[in-house]
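Everything on this sheet refers to the single structure shown next.
The values are calculated or read from the model by the stated rules, or taken from the named source; none is laboratory data. Here the structure is a predicted model, which is why all the values come from computation and not from measurement. Every residue, glycine among them, receives a Cβ derived from its backbone with ideal geometry; neighbour counts consider all protein chains shown.
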Amino acid sequence: MGVNNGTVQTLMSDFLRTSGGVAVIDGGFATELERHGADLNDPLWSAKCLLTSTDLVRQVHLDYLEAGADIIITASYQATIQGFGSKGFSKEESEAMLKKSVDIACEARKIYYERCRNSASNYTSDGKILKNRPILVAASVGSYGAYLADGSEYSGDYGDAMDLEFLKSFHRRRVQVLAESGADLIAFETVPNKIEAQAYAELLEEGIKIPAWFSFNSKDGVNVVSGDSLIECAKIADSCPKVVAVGINCTPPRFISGLIQSIKKVTTKPILIYPNSGETYDAELKQWVKNTGVPDEDFVSYVNKWCEIGASLVGGCCRTTPNTIKAICRTLPSRSSYLA
Ligand SMILES: [Zn+2]
């Protein structure tokens with residue numbers, strides 16, 4: 001693992017201290033697989049590549065490390081035992097696939113460290129960063145809505161009949177397998193509503209041995225996408241001892257400042273931010289469409305402001321690329337000295 005001697009609760013604060021105060025998360029993962037030609041039009045989305053293109057998955061992790069990311073997020077966002085099951089895989093095979101998503105990210109980290117050792121300088125002539133530094137592997141857990149593959153991770157609407165126990169049993173085994181797989185932490189990403197945050201918080205108390213972050217998404221800059229209060233969602237994360245960072249992902253950049261201000265009101269845990277490019281996802285067309293509202297210029301120009309008001313982990317989500325991550329590293333003053 002990338003950071004030694006830490007306990008579950010101090011993993012993130014230790015990591016941030018050694019990373020110079022602000023750490024960089026990777027960028028869009030599925031986006032990058034697609035840019036390399038992968039066809040993700042499948043209920044498993046990016047996790048389909050765990051079946052068909054493990055070399056590409058490893059390569060994308062490496063590309064993000066070489067762009068300067070300190071935290072890489074596994075390809076398990078839409079990998080579920082239920083989803084693999086509907087493709088005919090047994091429970092054992094499905095669990096092995098979850099474990100494989102973490103193994104591939106750990107392999108990429110190992111290859112990266114070898115490249116750092118063999119490199120005479122921290123920067124290559126073609127702009128890659130090869131600086132030996134602590135790197136965390138975050139095992140991605142996408143929401144139940146992501147498994148449904150109908151865009152409901154952007155509506156957070158699971159219907160009135162949804163209950164907490166259903167969500168806990170949906171995620172339980174997957175979270176257990178990922179927690180035992182060698183990942184440093186679990187990244188609960190794109191959490192669309194309060195009930196799912198509650199389900200995750202309760203699952204973490206069932207003997208899960210690694211820490212986690214909770215990352216919500218918003219489409220109005222005030223609430224999470226379901227309309228539940230972000231403040232209440234962040235409070236759930238705050239009161240869970242295993243949660244080591246709370247924040248926002250896959251949300252247009254223009255909403256981020258306000259959302260950081262809200263989260264700050266209810267937690268002193270590190271705040272993470274990895275917005276999308278500002279386009280919105282059309283679930284029916286299965287494509288991203290440019291937003292017609294307020295333009296989101298290149299969000300890299302906002303990154304220092306977000307850090308000033310309280311973010312300490314920054315990266316990108318859908319439609320961002322290794323170039324976005326490189327640009328984030330260049331714009332953060334603390335990064336230049338850290339990577340020098
Ligand atoms: Zn995203």
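Here is how the numbers come out for the structure above:
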| quantity | calculated |
| --- | --- |
| Selection count where residues are of a type in the set (S, T, N, Q), closer than 23 Å to Ala138 by Cβ and more than 12 Å from the ligand (Cβ to nearest atom), scope region 266-292 | 2 |
| Region 122-133, residues that are in contact with a strand residue (DSSP E or B) (Cβ under 9 Å, 6 or more places away or on another chain) and either within 13 Å of Leu65 (Cβ to Cβ) or in a loop (DSSP other than H, G, I, E, B) (or both) | Asn122, Ile129, Leu130, Lys131 |
| Looking only at region 110-143, and only at residues there that are free of Cβ contacts under 8 Å to residues at least 24 places away in the same chain and of a type in the set (Gly, Ala, Ser), the one that is surrounded by the most Cβ atoms within 10 Å (Cβ to Cβ) | Ser119 |
| So Ala201, is it within 16 Å of the chain's Cα centre (by Cα) and at pLDDT 95 or above | no |
| Test: residue in region 30-37 that is part of a loop (DSSP other than H, G, I, E, B), surrounded by 17 or more Cβ atoms within 10 Å (Cβ to Cβ), at pLDDT 95 or above and over 16 Å from the mean Cα position of the chain (by Cα) | no |
| Per-region count, region 43-58, residues away from the ligand (no atom under 12 Å from the Cβ) and touching a residue at least 40 places away in the same chain (Cβ under 8 Å) | 8 |
| Pair list, Cβ under 6 Å, 6 or more apart: region 63-81 residue in contact (Cβ under 8 Å) with a residue 12 or more places away in the chain, other residue in a loop (DSSP other than H, G, I, E, B) and of a type in the set (Lys, Arg) | Glu66/Lys128 |
| Only listed residue being within 18 Å of Tyr77 (Cα to Cα) and more than 20 Å from the chain's Cα centre (by Cα), chosen from Ser169, Ser143 | Ser169 |
| Any hit, region 322-329, residues being under 25 Å from Glu153 (Cβ atoms) and either out of contact with any strand residue (DSSP E or B) (no Cβ under 7 Å at 6 or more places or on another chain) or without any contact (Cβ under 8 Å) to a residue 60 or more places away in the chain (or both) | yes |
| Residue list for region 244-265, filter: closer than 26 Å to Glu205 by Cα and within 16 Å of the ligand (Cβ to nearest atom) | Gly247, Ile248, Asn249 |
| Matching option when the condition is surrounded by fewer than 22 Cβ atoms within 10 Å (Cβ to Cβ), within 26 Å of Pro43 (Cβ to Cβ) and in contact (Cβ under 8 Å) with a residue 60 or more places away in the chain, among Ala283, Ala340 | Ala283 |
| Near pairs, Cβ below 7 angstrom, 6+ apart or cross-chain, from region 144-173 (closer than 24 Å to Leu98 by Cα) to any residue that is assigned to a helix (DSSP H, G or I) and charged (D, E, K, R) | Tyr144/Glu196; Leu167/Glu196; Lys168/Glu202 |
| Any hit, region 274-294, residues being touching a helix residue (DSSP H, G or I) at 6+ places or on another chain (Cβ under 7 Å), among the hydrophobic types (A, V, I, L, M, F, W, C) and modelled with pLDDT under 90 | yes |
| Inter-residue pairs, beta-carbon under 7 Å, first in contact (Cβ under 8 Å) with a residue 24 or more places away in the chain and in region 193-213, second among the basic types (Lys, Arg), 6+ apart | Ala199/Lys168; Glu202/Lys168; Leu203/Lys168; Leu203/Arg172; Leu204/Lys242; Ile208/Lys242; Pro211/Lys242; Ala212/Lys242 |
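Residues checked against (1) buried (at least 21 other Cβ atoms within 10 Å of the Cβ); (2) over 23 Å from Asp160 (Cα atoms); (3) more than 16 Å from the ligand (Cβ to nearest atom); (4) of a type in the set (S, T, N, Q):
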position	(1), (2), (3), (4)
Pro192	yes, no, no, no
Ala199	yes, no, yes, no
Gly207	no, yes, yes, no
Ser218	yes, no, no, yes
Gly221	no, yes, yes, no
Ser226	yes, no, yes, yes
Lys235	no, no, yes, no
